[in-house]
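A quick write-up on the structure given underneath.
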Amino acid sequence: MFDLIVKGGTLPDGRVADIGISGDRIAAVGQLDGAEAGQVLDATGDLVSPPFVDPHFHMDATLSYGIPRINQSGTLLEGIELWGELKAIATIDEMKSRALAYCDWAVSMGLLAIRTHVDTCDPDLKGVQALLDVRETVRPYLDLQLVAFPQDGFYRDPNAHAQTLRALDMGVDVLGGIPHFERTMADGRASVQELCRIAAERGLPIDLHCDETDDPNSRHIETLAAEVIRHGLQGRATGSHLTSMHSMDNYYVSKLLPLIAEAQVNALPNPLINIVIQGRHDTFPKRRGLTRVKELRAAGVTVGWGQDCVLDPWYPLGTADMLDVAFMGLHVAQMTHPDDMRACFDMVTIENARIMGLEDYGLTVGSMASLVVLDAAHPVEALRLRADRLAVISKGRLVAQAPRRQVRLDLPARPKNVIRRHPMR
Ligand SMILES: [Zn+2]
């Protein structure tokens, strides 16, 4: 007797299987004909995937677009300036209600684990207080990890060092930084060294905004990889963005890639943001500003796709849809081979889960019973359609459902409705 059976779905690897759920765990995967269940969800012909995961977000800033004004230049630097104006006037309650509204969107999109950076440069740590609260509120249905993020620079802001340590003492999960925003390259390097030392001392993962610039001389990823090896942090470090690698000298990158792989530093591009924020100082040709995704993957580096921003000082769009993120990444990185497209789907599910260090993730017996039913036959079709989420199950509970979309046609001698699914050849 199961609490819930998801019947007849197609798994990302192509197997057709029923999934039996007991409590908050997957209890069986396979042919479950005749098995009893409190509830049965028919997923015949639909894709059943482990939930989407976003390892890079800013939940303290989300859903604030236009407050107190919009970003006129579209640059990272004006975004940081604008965020400075917003955080001075935002209240803890406002931040909480915006964050919770975003979490509702996330759940409806089958996005059930998010790593969010939270600004530690505000003297009252309002964002930290708000998001620690939100983390507890959503815990029954969404895994939220917080990164202590000294947005105004670990050394550039005189209070950032103490405030960031305070945030860690309050229970923030991961240590962050922003070396390319320090005043000098030397300060940037020193910040990476000190942050890695603190991460090692406290036994914490580290996730830096790293080299989010078009400057090919921004090489903090090299320091990060070397310090990770020095402190034994392999597998616990992530370089977010790494956009300067787009513009770096090829010979230098040929030495850098094996170093990143040796250090087991994860790479986390944020394609929606990278494509709109980078290259703003270029005329033509205008750089794409996405890191070298295929090359990092070929070198054995774990690479995910992050969302980064939704309706905030840096980005005027976004819907909490990780398929949108993967779809943009697929285009900008030119990952159009079927194997690459399938990899893009894995990057917003399995690979992102690895970056967040999620235990019990996946569609295997004993795993957490969290999954999403998509109106698509397979992962590539899910990407092409940015498929609707028909059902979302989180920790054994059906938390979101949507009817299958139907478009009625009224055309002479044509079908009465249109289905955009298409058999793969
Ligand atoms: Zn970010």
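The values are calculated or read from the model by the stated rules, or taken from the named source; none is laboratory data. These numbers were taken from a predicted model, which means no experiment stands behind them. No Cβ is skipped: glycine too gets one built from the backbone with ideal geometry, and neighbour counts run over all protein chains shown. The accessibility values were calculated without ligands, DNA or RNA, using every heavy atom of the protein model including side chains. Shrake-Rupley method; radii C 1.70, N 1.55, O 1.52, S 1.80 Å.
Checking every one of the trypsin sites (Lys or Arg not before Pro) in segment 43-112 against DSSP loop status and a limit of 11 other Cβ atoms within 10 Å picks out R69. Given a 1.4 Å probe and every protein chain left where it sits, what share in percent of the accessible area of the chain is carbon and sulfur? Carbon with sulfur: 52 percent of the solvent-accessible area.
Between E194 and L411, the distance separating the two model label sites (each 7 Å from Cα on the Cα→Cβ line) works out to 6.4 nm. In the context of the full set of protein chains, the chain has a per residue accessible area of 41 Å² (1.4 Å probe). In this structure the amide hydrogen of V40, modeled in the peptide plane, comes within under 5 Å of the amide hydrogens of I5, none closer than 5 places in sequence on its chain. The modelled label-to-label distance for the pair E136/R421, using points 7 Å beyond Cα in the direction of Cβ, is 4.4 nm.
Of the GluC sites (Glu not before Pro) found in segment 1-108, those in coil by DSSP whose Cβ has at most 12 other Cβ atoms within 10 Å are E36. Dividing the convex hull volume of the alpha-carbon atoms in the chain by its residue count gives 162 Å³ per residue.
Using the Cβ atoms and a cut-off under 15 Å, what net charge is assigned to the surroundings of K96, where Lys and Arg are +1 and Asp and Glu are -1? Once all neighbours under 15 Å are counted, the net charge is -4.
As a calculated quantity, the FRET efficiency between D42 and E262 at R0 = 41 Å, using C-beta atoms, amounts to about 0.30. Ligands, DNA and RNA excluded, the heavy atoms of M185 present near 90 Å² of accessible surface to a 1.4 Å solvent probe.
Excluding same-chain neighbours fewer than eight residues apart, the lysines reachable from K87 by a Cα-Cα span under 27 Å are K96, K126.
Where does each of H161, H337, H117, H378 land when they are ordered by accessible area, with a 1.4 Å probe and the largest first?
Ranking H161, H337, H117, H378 by accessible area, largest first, yields H337, H161, H378, H117.
Can you pull the accessible area of L311 for me, 1.4 Å probe, Å² to the nearest 10? Accessible area of L311: about 50 Å².
If you keep only loop residues by DSSP, which trypsin sites (Lys or Arg not before Pro) in segment 1-68 have at most 15 other Cβ atoms within 10 Å of their Cβ?
Numbers: sites: K7, R15, R25; in loops: R15.
Sparse-neighbourhood loop trypsin sites (Lys or Arg not before Pro): R15.
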